[in-house]
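Following: one structure in structure tokens, then a few remarks.
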Amino acid sequence: MNFHHIVLHELILAIIVVLILVLLLIITVLGYSFYSYRILHNRHTWKQIIEYKIMETIVGSDRNDEQDREFSKHLKEPSFRLLFLEVLVDSGRKFSGAAKKAINRLFYDFKLEDEAWRKLRQRKAYLVAGGIQELAAMNVEAAIPEIKAKLDDDRAAVYQEAQYAMVSFQGYEGLEFLAHFDKPLSDWQQLRLLSSIHHIPELSDVQVYSWLKSSNDSVVIFTLRLIRKFRLMTFYPAIYALLDHLATAVRVQAIRTMQAIENSATIGQFITCFDQQPIEVQLEILKSMKLARSKESEEFLKEQLLNHPKVSIKILAAEVLVVLDGGQYLREISQKEDTYDELIQIIKHALQEKKC
Amino acid sequence: MLILIAEDDELILRTVEHKLVKEGHEVVLTRNGQEAIEKIEESDFDLIVTDIMMPFASGIEILSAIKRHGKKVPVIVLSSMGQEEVVVDAFDLGASDFMVKPFSPNELILRIKRLTNR
């Protein structure tokens, strides 16, 4: 009896403990949810306040003392300052001219530079990258030496942001890092860098030649894109030499670049090197011929259409012939009795493409 | 002058609105393309400023709607970098001018003045 009483007592105690634990868990979850909601709500409200401040500064509205006081009060909150900096950098991407200057003025007036510097000196990669982005967006030139040092950081987020910042600050001169850069330069990063370069100085030849000889394929590809963007004709012979490069991706870009800065020898050079190239490069040569629309390639294209072993090459050759007004020739080929079915289908497809 | 601004970015929308109001214009705001089309059907605007990429209907669809309803109204298109092809489509559909973001609100005001001879 006494034994049963003890067991029952302990059981009730255990149930109460479990209930208390469950209750505590519920309170914790509710508390956390409320906290998250408050943060979200605050962020939303704060963002509105900040955007209003930015708008007011851009437009040059009359100052409202009450709102200014409210704004100054929020500025004491570290998370509000961080959000202010984030929104300010984002706004800088939307406006140019006087509006952009007004945004930069806010950055200095409210000493947000300190927040950005602090981020730059953090350990976490995303914070360092954020700091670099903010200092570059607000054109804080004093940060250049420290950002330059980040070019050698091992973390992609950091060195990529540092590369972009250097180019934002210095334009073409900011590409100096390419001379010793041994990691892959992603396509996205290449496009970002290219979009920030608006002019190439006259005495850049030696540097560009050295990048074309880089052992880093992505640096060579980036340089070819740079040459294409600025139509740097003088590099044509060096680009032609890249058609022997070990990497197919480099050869493909070399073909595109040759086409972009073509001269009277280009089509002949495409025809001469065609047989020694892998299929990806051969396809690129045909695409370039399509863009060039040169009658010089007509016989060569007919040859590829009839005799090349790869269907993809035949299809593209037929399409280019259509562009070169070779529709009549293609119809005649397709009507010949000894023309095999596959070729007839290829020709029909090419003629159909033209109609579309 | 009655001007419609169709833009889903709140900061750009408010900044352009304040600039235009300061210049003495009456401004109608919309944050999505569909709403903009409805407002164009309901009222006769003297000028429209529209973003290309917007929820529910794009700036291109707005231009098509203007053309469909036979409305003769100057339209300034705001586009982002890399939307060059869309800008060509916009001109084919009757856009009067375009500006690439990041853009200067002051320059927008000047272009509005030029288009409306004010």
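Here are some notes:
- Pair list, Cβ under 8 Å, 6 or more apart: the stretch A:283-310 residue without any contact (Cβ under 8 Å) to a residue 40 or more places away in the chain and closer than 17 Å to A:Ile347 by Cβ, other residue open to solvent by 30 Å² or more (accessible area, probe 1.4 Å) and among the β-branched types (Val, Ile, Thr): A:Lys290/A:Val323; A:Lys310/A:Ile279
- Residue under evaluation B:Thr30, criteria (1) modelled with pLDDT of 95 or more; (2) within 19 Å of B:Asp97 (Cβ to Cβ), criterion not met: (2)
- Filter result (small (Gly, Ala, Ser) and part of a loop (DSSP other than H, G, I, E, B)) within the stretch B:15-40: B:Gly24
- Test result for A:Leu85, at pLDDT 95 or above and either within 27 Å of B:Ser80 (Cα to Cα) or out of contact with any Leu (no Cβ under 7 Å at 6 or more places or on another chain) (or both): no
- Hits in the stretch A:171-186 - residues which are in contact with a helix residue (DSSP H, G or I) (Cβ under 8 Å, 6 or more places away or on another chain) and open to solvent by 50 Å² or more (accessible area, probe 1.4 Å): A:Glu176, A:Ala179, A:Lys183, A:Pro184
- Scope the stretch A:105-116; condition assigned to a helix (DSSP H, G or I), closer than 12 Å to A:Met138 by Cα and over 25 Å from the mean Cα position of the chain (by Cα); matching residues: A:Arg105, A:Leu106, A:Phe107, A:Tyr108, A:Glu113
- Criterion: modelled with pLDDT of 95 or more, among the acidic types (Asp, Glu) and either under 39 Å from the mean Cα position of the chain (by Cα) or open to solvent by 40 Å² or more (accessible area, probe 1.4 Å) (or both) - qualifying residue of A:Glu332, A:Glu280: A:Glu280
- In this entry, A:Glu77 is excluded by the filter for residues that are under 30 Å from A:Asp109 (Cβ atoms), within 14 Å of chain B (Cβ to nearest Cβ) and free of Cβ contacts under 8 Å to residues at least 60 places away in the same chain.
- Residue that is nearest to the other protein chains (Cβ to nearest Cβ), among those in the stretch B:1-33 that are hydrophobic (A, V, I, L, M, F, W, C) and in contact (Cβ under 8 Å) with a residue 60 or more places away in the chain: B:Ile12
The values are calculated or read from the model by the stated rules, or taken from the named source; none is laboratory data. Quantities reported herein were computed from a predicted structural model and do not represent experimental measurements. Because the Cβ atoms are built from the backbone with ideal geometry, glycine has one as well, and the counts that use them run over all protein chains shown. Heads up: the accessible areas ignore ligands, DNA and RNA and are worked out on the full protein's heavy atoms, side chains in. Shrake-Rupley method; radii C 1.70, N 1.55, O 1.52, S 1.80 Å.
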